[in-house]
Amino acid sequence: MISCTEFIPCYSELFTYLEEMHGRDEVSRFWDYLFQPTGDGIPLINFVKKEGIRGCWSYWTGTLNEEAADFTMYLNEKRGFFLNIMHHCPSKGRLLQLKGEIGITPYHDYCLHCDSYRSAVEKVGLKYLYNFNGTDHAACSMLIYDPDIFDGRVIIDEDTEIMDRKAADNEYFHRDFHSSMNMGIHYLGENYGLSSVEGFLERYTKNVYGPIFQAIRSDGLNAIRDKILDTYQKEHAEDAVSTDLADGTLTVRIQYCPAVKHLLSTGRAISPWYPYTTKTVMKTLAEAGNFSFAMDSYDEKTGAAVYHFSS
């Protein structure tokens, strides 16, 4: 499992992988798949179908607070507009931070994926203007409006609801990133097979877990154990994992996968390719320390597993 708190670099690396392997148009095809306005992907469409333009407020209230964004949102249903000003995007901001810390390069068109929300709002007759000015320092804004009501003026008055948040106001913990991870791995597997799934996950692990690789080379199985425990701590699921390190063998027992648990609780189907987010990542970490890795058991219904590393 890749933690939802680590999803953003995975997202960016997937865009880069798709373009390098299959061309820029393939990235756009993936975005169309991920943001498909059917309710099966990014769920904005479900909110706007139910609530109209207020659905934009409801959707981004959840996601932006869970992502600990620095933003100001405005909603005026009488004037027919929703405006979101992203002072600091936690997604692009995280990528810029990691570029400085570990040297990964954000996907060159990374911010353009957010324009794919357009397919959802236009499906229900709303219009969408996206201002990409400022994305080089993780800022942007979007205006969504009802063309039957909006007169072209963004007027903040007594009928305007305002939500202003700083990043420090919230914990960074957006569980629904697991859905995008699940869909991304499924897209690779269904279109390009197991070799592509494994190739991407190996690339991601090597590119993003560089500091962990260094720790493994110096501290061996202790570093792998610490990485696994840290992942489940970040998921608020310390009860799901136990480890035993003895006689040159690290055994890991997973009672349930928090990602699988979330996906099932929100009605998503688990991709048959999803287990490789554990199998391939763990195998790649093992190889960094010249250890062997074996998946002893895996329950696809719950993500419960037993696996071990050995010298």
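The values are calculated or read from the model by the stated rules, or taken from the named source; none is laboratory data. Because the structure is predicted, anything quoted here is derived from the model rather than measured. Neighbour counts are summed over all protein chains in view; Cβ atoms, including those assigned to glycine, are modelled from backbone coordinates with ideal geometry.
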On the given criteria, is ALA294 in a helix (DSSP H, G or I), small (Gly, Ala, Ser) and in contact with a strand residue (DSSP E or B) (Cβ under 9 Å, 6 or more places away or on another chain)?
no
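Do you know which of the residues in segment 132-161 that are of a type in the set (S, T, N, Q) and surrounded by 10 or more Cβ atoms within 10 Å (Cβ to Cβ) is farthest from PRO90 (Cα to Cα)? So that I can check it myself, show each step before the final result.
Residues of segment 132-161 of a type in the set (S, T, N, Q): 133, 135, 141, 160.
In the following step, the residues that additionally are surrounded by 10 or more Cβ atoms within 10 Å (Cβ to Cβ) were identified as 135, 141, 160.
Numbers: THR135: 12, SER141: 14, THR160: 25 Å.
Among those residues, the one meeting the criterion is THR160.
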Pick from segment 18-34, criterion aliphatic (A, V, I, L, M) and under 18 Å from the mean Cα position of the chain (by Cα), ranking: surrounded by the most Cβ atoms within 10 Å (Cβ to Cβ):
LEU18
Yes or no: segment 87-97 includes at least one residue that is assigned to a strand (DSSP E or B) and at pLDDT 95 or above.
yes
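Is it true that some residue in segment 249-267 is surrounded by fewer than 21 Cβ atoms within 10 Å (Cβ to Cβ), closer than 17 Å to HIS308 by Cβ and in contact with a helix residue (DSSP H, G or I) (Cβ under 7 Å, 6 or more places away or on another chain)? Don't jump to the end; show me each part of the working.
Just the residues of segment 249-267 that are surrounded by fewer than 21 Cβ atoms within 10 Å (Cβ to Cβ), to begin with: 249, 251, 253, 255-256, 261-262, 264-267.
Cutting the leftovers down to closer than 17 Å to HIS308 by Cβ gives us 249, 251, 253, 255.
So of that shortlist, the ones also in contact with a helix residue (DSSP H, G or I) (Cβ under 7 Å, 6 or more places away or on another chain) come out as 255.
The answer is yes; a qualifying residue exists.
Let me confirm something: among PHE35, PHE81, which residue is touching a residue at least 60 places away in the same chain (Cβ under 8 Å), assigned by TED's automatic domain parsing to the domain that holds PRO147 and either of a type in the set (Phe, Trp, Tyr) or within 22 Å of CYS10 (Cα to Cα) (or both)?
Details: PHE35 fails: assigned by TED's automatic domain parsing to the domain that holds PRO147.
Testing whether each residue is touching a residue at least 60 places away in the same chain (Cβ under 8 Å), assigned by TED's automatic domain parsing to the domain that holds PRO147 and either of a type in the set (Phe, Trp, Tyr) or within 22 Å of CYS10 (Cα to Cα) (or both) leaves just PHE81.
Which ones in segment 286-305 are among the hydrophobic types (A, V, I, L, M, F, W, C) and either surrounded by fewer than 16 Cβ atoms within 10 Å (Cβ to Cβ) or within 15 Å of THR249 (Cβ to Cβ) (or both)? Steps first, please.
Narrowing segment 286-305 to residues among the hydrophobic types (A, V, I, L, M, F, W, C): 286, 288, 291, 293-295, 304-305.
ALA286, PHE291, PHE293, ALA294, MET295 - these are the residues of segment 286-305 that are among the hydrophobic types (A, V, I, L, M, F, W, C) and either surrounded by fewer than 16 Cβ atoms within 10 Å (Cβ to Cβ) or within 15 Å of THR249 (Cβ to Cβ) (or both).
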